[in-house]
Every structure is written in structure tokens, then in C-alpha cells.
1. Looking at the range 454-561, what helices (runs of 4 or more DSSP H) fall wholly within it and have at least 1 residues that are under 25 Å from ALA144 (Cα atoms) and open to solvent by less than 10 Å² (accessible area, probe 1.4 Å)?
2. Quick check on this structure: which one of GLY325, GLY309 is in contact (Cβ under 8 Å) with a residue 24 or more places away in the chain and under 21 Å from the mean Cα position of the chain (by Cα)?
3. When you go through (1) modelled with pLDDT of 85 or more; (2) under 28 Å from VAL105 (Cβ atoms); (3) not β-branched (Val, Ile, Thr) one by one for LEU646, which number turns out not to apply?
4. Considering THR419, THR396, which residue is of a type in the set (Val, Ile, Thr) and touching an Asp or Glu at 6+ places or on another chain (Cβ under 7 Å)?
5. Name the residue, out of ALA103, ALA99, ALA70, that is modelled with pLDDT of 85 or more, open to solvent by less than 50 Å² (accessible area, probe 1.4 Å) and either over 25 Å from ALA267 (Cα atoms) or of a type in the set (A, V, I, L, M) (or both).
6. Taking only pairs six or more apart or across chains, which ones have beta-carbon atoms under 7 Å, a first residue in the range 431-459 that is under 27 Å from PRO412 (Cβ atoms), and a second residue that is surrounded by fewer than 12 Cβ atoms within 10 Å (Cβ to Cβ)?
7. Pick out the one residue from GLU401, GLU444 that is farther than 19 Å from ASP371 by Cα and either at pLDDT 90 or above or in a strand (DSSP E or B) (or both).
8. Under 9 Å by Cβ, and 6 or more places apart or on different chains, what pairs join a residue from the range 273-287 that is part of a helix (DSSP H, G or I) with one that is of a type in the set (Ser, Thr, Tyr) and at pLDDT below 80?
Amino acid sequence: MHMSCATILPATDRTSSTGGSNGIDAPSAFERYNELGLALLGGLLLLAGFITHLVDGPHALRLTLLACSAIATSTRTFPEAIESLRDLRLNVDVLMFVAAGGAAVLGAYEEGAFLLFLFGLGSAGQHLAVDRARRSIDALAQLAPDTALVVEENDETREVHVDEITADTILLLRPFDRIALDGVITDGASAIDESMLTGESVPVDKTIGDEVFAGTMNASGTIRMRVTRAAKDSTLARIMQLVQEAQQGKSSTQRFTDRIETFYVPAVFIIAILLLLIPPMLFDGAWATWFYRAMAFLTAASPCALAIGTPAATLCGIARGAQLGVLIKGGQYLDTLGTIDAVAFDKTGTLTRGQPEVVNVTAIDGMHEDDILATAAAIDRDITHPLADAIVDAATARDLEIPRADDVEQIPGVGARGTMNNHHIDVVKPSAVTDDHWPASLREQADIEAHEGRSLVLVCRDDVPIGLISLADQVRDEARTTIDRLHAMGVSKQLMLTGDHRATAEAVARTIDLDDVHADLKPDEKLHLIDELQSKHGDVAMVGDGTNDAPALARATVGVAMGAGSSDVALETADIAMIGSSLERLPDAIGLSRASRRIIMQNLIIALAVILIVAPLGALGIARLGLAVLLHEGSTIIVVLNSLRLLGYRAK
């Protein structure tokens, strides 16, 4: 059987929409995978036809199976090829169908069906990638609720759609309500979970006059807010726009297959036609002879090994990446990852674990740190706050007996209080206690802990501070090893881009030896820093896990999401996702990318050598059709086997 292969086109366009928020319905799962399913069905029919041929089965059955395969795999590509012909354009679509038809004329029916199968499979992958871009925007739109509680003049509340709410409207926010619009708190105090915006896992204490943003969550007290921006101008809406613009910016990259389509395909057509017409017309050559030579040339010049060398290596690389715990969403990202010269990391959930943990407990003279921790846990046991949860978890991990506390009350933006053994106990932030009440030992320790960027909780008994608990989002165990491996691989710049406070960010950076730190960043500021890095270093990777990282993930040359704890938006926007939560997979992926690039280059050299040598010999009649087929398909087998080496790649 004369086998060949089609140019598998990567998804060069990453389009997006604003999803359900603007009335555009996302396609169903059936619609998304219908084209892929037909391509796979065509592959099964092709295999059945080939087996029928091998066992000398009925010729009619063989042709029927192969014809059905060609139809199933061409439901989308054939109309596109016809459209190209109507527009008088010669491209890879047209070449594939002409090559398949030529194969059928020569009796190589399986070859033609195989060409169409590979081409249909590539088209299905392209449209799935476009759909992924659309869904990344849809995930953003779902963060903010569609309605909010508007406070009327008579102090009654009414549920109103966000599109009908204008600036200066007063909204009521209950505990655990997600905020629908940007605004300013006018009454009350609460802890606001802004992790989707800043990436910081600890809610921010806010009170009258502080800004709140659409998509964030009211984590504790009841508050009222005054709307400052309409829904279309909110911070969340701006993030959606940034993601869309960044994704569209990537689609302008010129692909190698585009250059083949522009120059190579018309050249092959023209030369084949000239071989068929000129010798018989001008030199009295035999039409049958030159038709044969033209077919030999077309066979040898068909970009078979050239076309399959890249996608075969890419598919093997992506498969090996999945085995290593790295989901690579397209061949262009596998290829580009190996060229990066700088890596930007988010902090919370990426370099750190994403959850606060107790790291130190300080007690005044005469008390033990376990007593301080157990006392704080007694008050915090029924409190809804990440720091309270961390304190209770720490006490439980030490097997401490947690006393009973009565009259426990959570104070939004401050902490909690209650009574225990006839003593009044406060578990609060340090700023809630005036300096003249502080023991010197606790004040000195608090200054040290604050310099390290840790969160502090002060424990008071009868208004007298008796202990200090420091908490921090701990650095991942493998973070330092990952940074060292990246340096050893020649990645010249590694830095942190975070929305967290500078002191906290710098403490983490010192621990793992990062080159630079940029803190207190909003999503658009992260994006602008990615632009600056690309202007200085060329290809840049961004590693993050939150919604606030989405614009930077989209704008970076390669966006990498930490899979285990990443937001849906980050996972959809990123080009590569870690299936687990280990940072060590990043240098593994870079090494795999570099190995893939080497294999692809070797495949291109082999394929081009066969085309440049055999095609001219076929045109001159030196290489007969059988030899052209043998060498042509031999090169195809070689590049496929060479690509399979990637399945055995071992991370160093």
C-alpha cells in the first residue's frame, strides 16, 4: 500500500467571546466533539478497508469502506477546499484532495483515505482549540452574580439585575454574598475574599470608605456599599477584556504551515502541471510517459514526511507530557516552551501552598505556647475565617485539649472574642490593641514577624496581651529545587508577580532565591510587566493559578496553570496546566519541549532531503514511481519512529 500523510494544521486562531453574558450560547459537548468523532470513525473505517485489502477480501467492500472513511473525515474540510477553489486560491486544503484523488487514479485507495483522515483530524483539533478560548471568557463572566439587593429609600431591599443598576445605587451584602459590582462600603465592616482578584488567600478586612470589587465575596459581616461603576466597566469586565485581547494577540504568530501553504503548495501544482503538458506539447513526448513522471513527482514532492514529522513528534511529546503530569494544550505551546528565557511566577497557590499555617507561637513569661494556641482555638473553633481555621488545625495537629468557650462573637474586620474560665478572651489583629497594653517581648516579636511578611493574631486575656500567633502561607517544598533547576537549564530570569503585600512577597523570594519581585499588582499591571519582560527577554512563561493571573497567562508566550488548585479561568486561559500541584513538573516540561524541538528539526531535515533529491529524479524519469513511493514512505516511517523516541523521554 502506498501510504501518505496530510499536513496537520495547528489552531492558529484563538478567538473568544464574552459567553453567556452577552447572549451568545456556548456550543454543547456534542457540537464541540462531533467533528472529532467523525474523524475517528473515519479512521476505524480506513483500518477496516485496509484489513479487507490485506486478506484479499471483496474489492467492492474495500472500496465502500474507504469511501465511507473519506466522507466521514471530510465533512468540514471538503467544503472548505471547494470554497478555496471558488476564490481561486491554492492551499493545503486543495492539495490534500488533489493528492487523494491522484492516489485513487493510481489505484492507491488507502493512501487517499489516509490523507483525508489525517487532514480531518487536524481540522477537528483546530476547532476544539477555538472553542476552548471562548469558554475561558465564559468562566470569567460567571464569577459575578446577575442580580444584587438594592436598598430602597424606605430601607426595603429589592433584587435587581446588574445591567439595570447605575452608579451611586446602594446595595446590601450579606455574609457569603458574592459582590456584583464595584463600589465603596458605606456602612459596616467585613472581611472580603479577594482571592480571585489579587490571588491572596486571606480575606482582606474592610470598613467604611474601602473599595470592593465585582466577583469578590463578602466573607463575614453584613455591609452596605455604594456602586461606583456600571457592570460593563467593572474590574471583572476589564479582566475579561484583557484576556480576550491577549488571546487575540497570540494568533498573529506566523506558523510554519502557513509558509508551506503560501509558497510550497502552488509550486508543486505548477511544476506537476508543467511536467504533464510541456514535454508532450513541445517535444513530442508521450502523454502517458509524462503523466507517469508527473505523478511520480507529485508523489515524491507531496509534503508527507514534512507534514507528519512535526505533528507526530508533537503528539508524542504531548502524550509524554501527560505521563509526566503536564497537560499541554497544543503543539505550538510544546514547541515554544523550550525557547523561554524568563519565567514569571504568581505567589499564592503557585510558589506557596495557598493556605495560611501557624508558623510560630510566642507566649509571655509564665505561660506556655500550647496554652496560647489552645486558648485561641477555643475562640476560633466556631469562627469562619482562614486564619481561625489555621489556628484550630494547628491546635488539633498538636493534640491539644481545646477548652470550652462561651459567648463567642465574631467582630468583622477585627477578630473574635468570648469568655473562658470566667476570663474575657480576645483573639484579634494586633492593631486592635493599643501600644501601652503590649508587653515588650510581644512587641519585639511582632516587629520581627511583620518584617517576614507574616499575618499576626494577638491573644488577650482580660484586655492584657498574653501571646502572639504568627501565620504564613508556606513556601512549597519543591519551589527552591525548581528555581535551581531552571537556573541550571539556562533560564536567565525568574521573578515573582503578585497582588500580595511587598513584605510577604520579598520574604518568599528570599527563601527560594528569586531574581526579582513585583508586589501589590492588579491584573492589568501583571499584564504590562509581561509585556516588558517580552521586550527584554523574548519568550516568557507565566505560572499562576488564579483568576487575577488570567490576563498575564494569556499574554505570556506560554501560560502555565497550577492544576490542582487553579481557578477555572486560569485553567481555561493557560496553554499548559500542571495535572498535579508540583512545581517540579515545570522544568520537566521545558526539558521535554527542548527534546521535541530537536526531534522535529531532525524530521524536517530528513523530509526535505527526500523531497529535494527524489522529486527531481522522478521528474526526470530516473526515479520510477515505485522507487519514489519506497523512498517517500521510507522517510515517513523514519520520522514517525524518530518521533516515538519522545515517549521514552526521561526528565533529568
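The values are calculated or read from the model by the stated rules, or taken from the named source; none is laboratory data. Not measured: the values here are computed from a predicted model. Here the Cβ is made from the backbone with ideal geometry for all residues, glycine too, and neighbour counts use every protein chain on show. To get the accessible areas, we keep the full protein, side chains included, count just its heavy atoms, and leave off ligands, DNA and RNA. Shrake-Rupley method; radii C 1.70, N 1.55, O 1.52, S 1.80 Å.
1. Result: 523-537, 550-555.
2. On the way: GLY309 fails: under 21 Å from the mean Cα position of the chain (by Cα).
On inspection, the qualifying residue turns out to be GLY325.
3. Checking LEU646 against (1) modelled with pLDDT of 85 or more; (2) under 28 Å from VAL105 (Cβ atoms); (3) not β-branched (Val, Ile, Thr), the one that fails is (2).
4. Unique residue meeting the criteria: THR419.
5. One residue alone meets the criteria, ALA70.
6. Once the first residue is under 27 Å from PRO412 (Cβ atoms) and sits in the range 431-459, its partners that are surrounded by fewer than 12 Cβ atoms within 10 Å (Cβ to Cβ) give HIS437/ASP463.
7. Testing whether each residue is farther than 19 Å from ASP371 by Cα and either at pLDDT 90 or above or in a strand (DSSP E or B) (or both) leaves just GLU444.
8. Close Cβ pairs (under 9 Å, with a partner that is of a type in the set (Ser, Thr, Tyr) and at pLDDT below 80) amount to PRO279/THR289; PRO280/THR289.
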